[in-house]
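Please find one structure pasted underneath; my questions will follow.
The values are calculated or read from the model by the stated rules, or taken from the named source; none is laboratory data. Everything numeric in this text was worked out from a predicted model, so none of it was measured. Cβ placement follows ideal geometry from the backbone for every residue including glycine, while neighbour counts extend to all protein chains displayed. With ligands, DNA and RNA removed, areas are computed over all heavy atoms of the protein, side chains included. Shrake-Rupley method; radii C 1.70, N 1.55, O 1.52, S 1.80 Å.
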Amino acid sequence: MTGDPKSSEDIRLGLADRGFSGKILRLDTQVTGSSLSPEELEQRLVEMGFVEGARVEILHEGAIRRDPIAVRVANITIALRRSEAMAVIVE
Amino acid sequence: MTTASLRLALVGAPNTGKTSLFNRLTGSTQKVANYPGVTVERKSGSFSTPEGRSVTVLDLPGTYSLRGRSPDEEITRDIVLGRFAGEAMPDLVLCIADATNLRLTLRLVLELKRVGRPMMLVLNMIDIAKRRGVDIDLDRMSQELGLPIVTSVAVRKGGVDELLKRTDEFMARSHEAPQASQWATPTVADLKAAQREADRIIAASVTLPAKPDTLTTRIDAVVLHPVAGLVILALILFVMFQAVFSWAQPAMDLLSDSFSALGQLIHDVMPEGWGLLQSFLQNGLISGVGSVIVFLPQIIMIFLFILLLEDFGYMARAAFLMDRIMGGAGLHGRAFIPLLSSFACAIPGIMATRVIDNRRDRLTTILIAPLMTCSARIPVYTLIISAFVPATSVWGWINLQGLVMFGLYAAGIISALSVSAIAKFLLWRDHAPAPFMLELPDYKVPRLNSIAIGVYTRAKMFLYRAGTTILSMMVLIWFLASFPTAPVGAAGPAINYSFAAMIGHAIEPLLAPIGFNWQIAVALIPGMAAREVAVAALGTVYSIEGGKEAADAIGQVLAQKWTLATALSLLVWYIFAPQCASTLAVIRRETGSSIWMVVTFVYMLVLAYAASFLTFNLARAMGIS
């Protein structure tokens, strides 16, 4: 959900490099390259454990255009495409 | 309650060991069928508790929530809510959680609680959790959740004793009328709130180890490496191919020899004058069913590999590595394994598409699976190549015959990828690709007992099909090739007087533009049962007696009677032609409609005809006739 003031340190997880480690600030599903509707994408991300405050780290990336990425969320690893990871705002 | 059997339903997120728990509870009593009207597997079984109560178990499709975003997940939701027609509401819901990974399951538990059914939480893989230093305060968690909790180790003998005991206790108690369901489709806010609550409960009752599973981290550092990962994947595939094509061969030879021996035995013991029944038993029944059952060793091999890799946790990684590569042809990362299996046989490949949850992606994969060069094409390819392609070397070191074989495989793969891209463009142009989002579970030592049950169930399904659909096809084809019988004193093989020959002659004008004579047309008809049967049929129409030894003889005859252009045309025909009745039957079953079967048949036929037409005429234009 939006509403938090944008800080200059906000990063979209979909743009982060391998090895990036941080904390989820919020989800912003309005502008992503995903085919899912913003609501559906948000629900799926939450179902996979992407909630505010969770620690994330990009562990691996694919060979072509460094996509998809494997992300450690709290203590589980989720594989997803960068287009969907764009919705995750991290610091 | 003590007389009627208890209905138990297993619910859980993917990768929680739900299936191995189900296998441990029900063993070989399990039945796999489809839910009416959908192609979702219904897995059920039964067991008796230590006190002798009988329990039936339903293994519901894995899900992260009751939202029901795929047909599988809708089944889980509807059965738990008791609104699935024809399926009784479960008396007790067992929610299975991976004790090493509680975060997502606990949110599902909180959601399930709102449904108001009697429920128990099963913390599975508790042994691994303890070994990794995950310390769970069961009393505290049970109190926080307001649910009974039981731990289990599904893969160990005696690992479900406590669960059985608690089931007995549950059944012995009297029960109040169940509460009305409070469940409603959760909104994002509900999901977030539930996740926060689950995280709070975990913080209060679970002590996590300081470091994550280091073994998984270390394996993944190599296996998911952009370069090394793909090399390892290629190596695994290489071993898998070796297993399917070389290791399964002795067993296949044994089966094939046994079936011919059995056929010969029947031929010999039957009295003279029973010719028709004799022919039906030997050529229709035994060789027909035998030609399909011969593939059983390959199917067992394929599923053994798939289930081993799945259980180990590698399948999700393979999908991760291949997602972008397959995406270029409009395929989902998860389509990789089904397509791979199709190199052995399209039937297990099409069955394996069940792992793809998006319907459009699954249909595309089913459509192109028959284009992968299956092992039944090998006898036909080998026959024609050895008869027409000289065993010379090109560029000094490449064997020309091998090169042609490789070319046929490559043509299959390239055409499959092109058809997928075209299907994506024509059929689902308005649909953006389905997202790729899946959990990469921690690696686990494969559980052999569970895998054995899985392979057994698949083999049983395959044999059942060979005994029903495929058998009836075989009988039909035998009938066409045997009736009407040859008149007394007729010259030439009996098949020349049959319906098959009539059909062959009738369609000959259609096949003439692609260089096929009527003998090929006749051989293509029994070849519908299984591609390799065409080899034997060609032997029959060219009056060559004998079994396998005759293959060389057939080759020599063909080399004299056919032009090279005809031979090349037939090779190309076999890359595309929908020459397999059982594959078509499986497509109908798996898609739940005849439409996709017809679509597959028509598009493959059109491709085959067009490609053969081009090949034949190009070859003639180039003067190789």
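Please work out which one of (1) at the interface with chain B (Cβ under 8 Å from one of its Cβ atoms); (2) surrounded by 13 or more Cβ atoms within 10 Å (Cβ to Cβ) is the condition A:E39 fails and give its number.
Unmet for A:E39, out of (1) at the interface with chain B (Cβ under 8 Å from one of its Cβ atoms); (2) surrounded by 13 or more Cβ atoms within 10 Å (Cβ to Cβ): (2).
I need a count of the residues in the range B:267-284 that are surrounded by fewer than 17 Cβ atoms within 10 Å (Cβ to Cβ) and in a helix (DSSP H, G or I).
Total meeting the criteria: 6.
Can you name every one of the strands (runs of 3 or more DSSP E) wholly within the range A:37-86 that holds 1 or more residues which are more than 24 Å from B:S65 (Cα to Cα)?
In the range A:37-86, the matching strands (runs of 3 or more DSSP E) lie at A:55-64, A:67-73.
Residues being basic (K, R) and within 7 Å of chain B (Cβ to nearest Cβ): count how many of those fall in the range A:66-85.
Qualifying residue count for the region: 1.
Return yes when B:R354 is in contact with a strand residue (DSSP E or B) (Cβ under 8 Å, 6 or more places away or on another chain) and under 27 Å from B:M315 (Cβ atoms) and no when it is not.
Taking the combined requirement at face value, the residue satisfies it.
Taking the range B:62-100, which residues are in contact with a Gly (Cβ under 7 Å, 6 or more places away or on another chain) and either open to solvent by 20 Å² or more (accessible area, probe 1.4 Å) or not β-branched (V, I, T) (or both)?
Those that are in contact with a Gly (Cβ under 7 Å, 6 or more places away or on another chain) and either open to solvent by 20 Å² or more (accessible area, probe 1.4 Å) or not β-branched (V, I, T) (or both): B:G62, B:E74, B:R77, B:M89, B:C95, B:A97, B:D98.
Can you pull out every residue in the range B:223-268 that is within 14 Å of another protein chain (Cβ to nearest Cβ) and not hydrophobic (A, V, I, L, M, F, W, C)?
So the first thing to find is which residues in the range B:223-268 are within 14 Å of another protein chain (Cβ to nearest Cβ), and the list is B:223-234.
B:H225, B:P226, B:G229, listed by residue number.
Go through B:G467, B:G412, B:G407, B:G454 for me and flag whichever is open to solvent by 30 Å² or more (accessible area, probe 1.4 Å), more than 14 Å from every other protein chain (Cβ to nearest Cβ) and modelled with pLDDT of 80 or more.
Numbers: B:G467 fails: modelled with pLDDT of 80 or more; B:G412 fails: open to solvent by 30 Å² or more (accessible area, probe 1.4 Å); B:G454 fails: open to solvent by 30 Å² or more (accessible area, probe 1.4 Å).
Of the residues listed, the single one that is open to solvent by 30 Å² or more (accessible area, probe 1.4 Å), more than 14 Å from every other protein chain (Cβ to nearest Cβ) and modelled with pLDDT of 80 or more is B:G407.
Let me ask something else about it. If I filter the range B:193-210 down to residues being at the interface with chain A (Cβ under 10 Å from one of its Cβ atoms) and either at pLDDT below 90 or in contact with a Cys (Cβ under 8 Å, 6 or more places away or on another chain) (or both), which single residue comes out as farthest from B:A99 (Cα to Cα)?
Among those that are at the interface with chain A (Cβ under 10 Å from one of its Cβ atoms) and either at pLDDT below 90 or in contact with a Cys (Cβ under 8 Å, 6 or more places away or on another chain) (or both), it is B:P209.
Now for a different question. Restrict the check to the range B:493-506 and report whether at least one residue is touching a Cys at 6+ places or on another chain (Cβ under 9 Å), open to solvent by less than 30 Å² (accessible area, probe 1.4 Å) and either among the acidic types (D, E) or modelled with pLDDT of 75 or more (or both).
The answer is no, given that none of the residues of the range B:493-506 is touching a Cys at 6+ places or on another chain (Cβ under 9 Å), open to solvent by less than 30 Å² (accessible area, probe 1.4 Å) and either among the acidic types (D, E) or modelled with pLDDT of 75 or more (or both).
Another one. Scan the range B:561-582 and tell me whether some residue there is touching a residue at least 60 places away in the same chain (Cβ under 8 Å) and open to solvent by 60 Å² or more (accessible area, probe 1.4 Å).
No, there is no match, as no residue in the range B:561-582 is touching a residue at least 60 places away in the same chain (Cβ under 8 Å) and open to solvent by 60 Å² or more (accessible area, probe 1.4 Å).
Follow-up. Look through the range B:312-326, keep the residues that are facing chain A (nearest Cβ under 7 Å) and without any contact (Cβ under 8 Å) to a residue 24 or more places away in the chain, and return whichever of them is nearest to A:R82 (Cα to Cα).
Ranking the candidates gives B:R324 first.
Spot the failing condition for B:V150; the list is (1) open to solvent by less than 10 Å² (accessible area, probe 1.4 Å); (2) in contact with a Pro (Cβ under 8 Å, 6 or more places away or on another chain), and only one is missed.
(2)
Among the numbered criteria (1) farther than 20 Å from B:D442 by Cα; (2) open to solvent by 20 Å² or more (accessible area, probe 1.4 Å); (3) not in a helix (DSSP H, G or I), which single criterion is violated by B:E144?
Result: B:E144 passes all but (3).
Another question, if that's okay. Just to be sure before I move on: is B:A610 modelled with pLDDT of 95 or more, open to solvent by 30 Å² or more (accessible area, probe 1.4 Å) and among the hydrophobic types (A, V, I, L, M, F, W, C) in the structure I sent? Before you say what the answer is, go through the steps one by one.
Numbers: modelled with pLDDT of 95 or more: yes; open to solvent by 30 Å² or more (accessible area, probe 1.4 Å): yes; among the hydrophobic types (A, V, I, L, M, F, W, C): yes.
Against the criterion (modelled with pLDDT of 95 or more, open to solvent by 30 Å² or more (accessible area, probe 1.4 Å) and among the hydrophobic types (A, V, I, L, M, F, W, C)), B:A610 qualifies.
Now for a different question. Which ones in the range B:415-430 are open to solvent by less than 60 Å² (accessible area, probe 1.4 Å) and not β-branched (V, I, T)?
Hits for the range B:415-430 are B:S415, B:A416, B:S418, B:S420, B:A421, B:A423, B:K424, B:W428.
Which residues, counting only those in the range B:101-127, are β-branched (V, I, T) and either open to solvent by 10 Å² or more (accessible area, probe 1.4 Å) or part of a strand (DSSP E or B) (or both)?
B:V122, B:I126
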